[in-house]
């Protein structure tokens, strides 16, 4: 069971983020998500990797992040950035975000 304080902290930090953000467990289960993530189908209790088309999860760095406990970042396509950030003090949690970079 995840401490509600962690979920509240996630929402305080990520609900206004301009991209998709999810609090993810080690087994890829979604613990919390911001509104943009919910609108994209990433809802609490689901397996993150099973939402949407399989190709959008290609190159997922969650496993590497949990191995190293260091933030990971990639750019799977032009104008799209993904990141996996460990939650300090909780080696079984990460924040996974996706951001579409606007054109100038």
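Bear in mind these aren't lab numbers, they're just calculated from the coordinates by the rules spelled out. All values reported here derive from a predicted model rather than from experimental measurement. Neighbour counts are summed over all protein chains in view; Cβ atoms, including those assigned to glycine, are modelled from backbone coordinates with ideal geometry.
Quickly run through region 43-59 and pick out the residues that are within 21 Å of residue 2 (Cα to Cα), in contact with a helix residue (DSSP H, G or I) (Cβ under 9 Å, 6 or more places away or on another chain) and exposed (fewer than 15 other Cβ atoms within 10 Å of the Cβ).
Passing the criteria: 43, 44.
What residue, among those in region 15-29 that are farther than 18 Å from residue 80 by Cβ and over 8 Å from the mean Cα position of the chain (by Cα), is surrounded by the most Cβ atoms within 10 Å (Cβ to Cβ)?
That would be 28.
Residues being surrounded by 11 or more Cβ atoms within 10 Å (Cβ to Cβ) and farther than 15 Å from residue 21 by Cα: count how many of those fall in region 80-100.
The qualifying residues number 3.
Considering only residues of region 60-79 that are under 14 Å from the mean Cα position of the chain (by Cα) and closer than 22 Å to residue 101 by Cβ, which is surrounded by the most Cβ atoms within 10 Å (Cβ to Cβ)?
Out of the qualifying residues, it is 65.
Can you tell me which residues in region 31-42 are in contact with a helix residue (DSSP H, G or I) (Cβ under 8 Å, 6 or more places away or on another chain) and farther than 14 Å from residue 60 by Cβ?
Passing the criteria: 31, 32, 34.
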